Amino acid sequence: MKLNNKEKKLLNILLMFTDEFLAYWALDKAQEQGAVDDMLCSIETGSISTVEELIDYCSIEDRRTISEAIKQDNEKTEKRSGSFSGLFIQELQLSGEIPMSEYYATLPIVQSIWKAGGLVLTKPVTFFIGENGIGKSTIVEAIAVSAGFNPEGGTLNFVFSTKASHSTLHQYTKLIRGVERNEDGFFLRAESLYNAASYLDDMAEWAPSQNPFKAYGGKSLHEQSHGESFLAVVENRFSERGLYILDEPEAALSPMRQLRMMATIHELAQGGAQFIISTHSPILMALPNADVIQFTQAGFEHCSYRETEHYQVARDFLACPERMLKVLLGSH
């Protein structure tokens, strides 16, 4: 099959998005209907963000109707979000009194935020990205604790503690809050969701009449797989007008489940929720209209999705895994 540059670009995106069979099927539909440009635009703007939406899209012949719907949706989003002045947390500042004896004092992410005089948050969804060891989880934890969450995760009302392993960076962290206050919230971290799930089980024993599982899909998180329990929290417990801080949520999720989580985050953010997310996932950080902040040894910068190393490495590998494997593993 001979493809022009735009068709090649669309196929590469589709192959990252879904399996080979569906990718070629969708490309055939786009070519057949003269909709290659429109499909590219729809994926890049987030109008197509799940496999189900891709299938629905390919089944509709009137592209003008779709384009008009995209335009109306963007206008609604713009009107609803405005300048994003309604963010619950608008800026993060760090005190200059951080003791140099603390390990986190020399973390690149801490140093860069301190030298910049703070970090301004401008959009309902913010991604912190960067290499391991930069300090993403440490700063996310400090934000969560400063906002009133349990260091091990959970809602603002979770008060359990299994081991005091969190840093004291929150003591030197100042959050500049907006006029509005979040009505709900959750600190979700991959490494301690087990502890939060155990706390829920304990609550069910202490006060069975309160039915604590009701807000989490109706059953204990321990009765589900790690990935299922993650999605149960996000899809059942999260709501609009909430503040949600997530530390590497992709750790428990397959690529398809990450797409599902991304769609939920997008919907809740449009309804007024705010998300601060530390991630390595090139899938999640593709969320349209999110602020992607990349931290390096030299500092931090706001960048577009395609400027991230995560996207570029994933794209290059998936485009030709044999070539990269040959470089990494040698000719044998």
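The values are calculated or read from the model by the stated rules, or taken from the named source; none is laboratory data. Everything numeric in this text was worked out from a predicted model, so none of it was measured. Backbone-built Cβ (ideal geometry, glycine too); neighbour counts: all protein chains shown. Areas reflect the complete protein model, heavy atoms only, side chains present, ligands, DNA and RNA absent. Shrake-Rupley method; radii C 1.70, N 1.55, O 1.52, S 1.80 Å.
Atom-type composition of the exposed protein surface of region 239-332 places 55 percent of the accessible area on carbon and sulfur (1.4 angstrom probe). So what's the net charge close to residue 292: Lys and Arg +1, Asp and Glu -1, counting the other residues with Cβ under 13 Å from its Cβ? Net of charged neighbours comes to -1.
Applying 1/(1 + (r/R0)^6) with R0 = 51 Å to the Cβ-Cβ distance of residue 156 and residue 20 gives a FRET efficiency near 0.70. The amide H of residue 130, built 1.01 Å from its N in the peptide plane, has 295 as neighbours under 5 Å, considering only residues 5 or more places off or on other chains.
For a Förster distance of 45 Å, can you work out the FRET efficiency between the beta-carbons of residue 3 and residue 97, rounded to the nearest 0.05? If you can, show how the numbers build up before the last one.
On the way: r = 59 Å, r/R0 = 1.31.
FRET efficiency, residue 3 to residue 97: 0.15.
Applied to region 319-330, the Karplus parametrisation 6.51 cos²θ - 1.76 cosθ + 1.60 on θ = phi - 60° returns per-residue 3J(HN,Hα) values of 5, 7, x, 4, 5, 5, 5, 5, 5, 6, 9, x Hz, with x for Gly and Pro.
The relative contact order of region 221-332, computed from alpha carbon pairs under 8 Å that lie at least 6 residues apart in sequence, is 20 percent. Taking amide hydrogens as placed 1.01 Å from N in the peptide plane, the amide H of residue 246 sits under 5 Å from those of 188, 276, 277, 278, each at least 5 positions away in sequence or on another chain. How would you classify region 254-332 from its alpha-carbon gyration tensor, with a ≥ b ≥ c the square roots of the eigenvalues: rounded for a/c under 1.5, else prolate if a/b is greater than b/c, otherwise oblate? Verdict is oblate for region 254-332. For residue 181, tell me the accessible area in Å² from a 1.4 Å probe, rounded to the nearest 10. Here the residue's solvent-accessible area equals roughly 140 Å². Database remark: amide H of residue 89 closer than 5 angstrom to the amide H of 178 (H placed geometrically; neighbours at sequence offset of 5 or more, or on other chains; Pro and chain starts carry no H). Filter the cross-link list 9/29; 9/123; 115/136 down to pairs whose alpha-carbon distance in this structure exceeds 18 Å. In this structure, 9/123 lie more than 18 Å apart at Cα. Per-residue 3J(HN,Hα) values for region 298-314, derived from phi via the Karplus relation 6.51 cos²θ - 1.76 cosθ + 1.60 with θ = phi - 60°, read 8, x, 9, 8, 7, 9, 7, 4, 6, 8, 6, 5, 4, 5, 5, 5, 4 Hz in sequence order (x marks Gly and Pro).
Modelled spin-label separation between residue 240 and residue 309, with each label point placed 7 Å from Cα along the Cα-to-Cβ direction: 3.9 nm.
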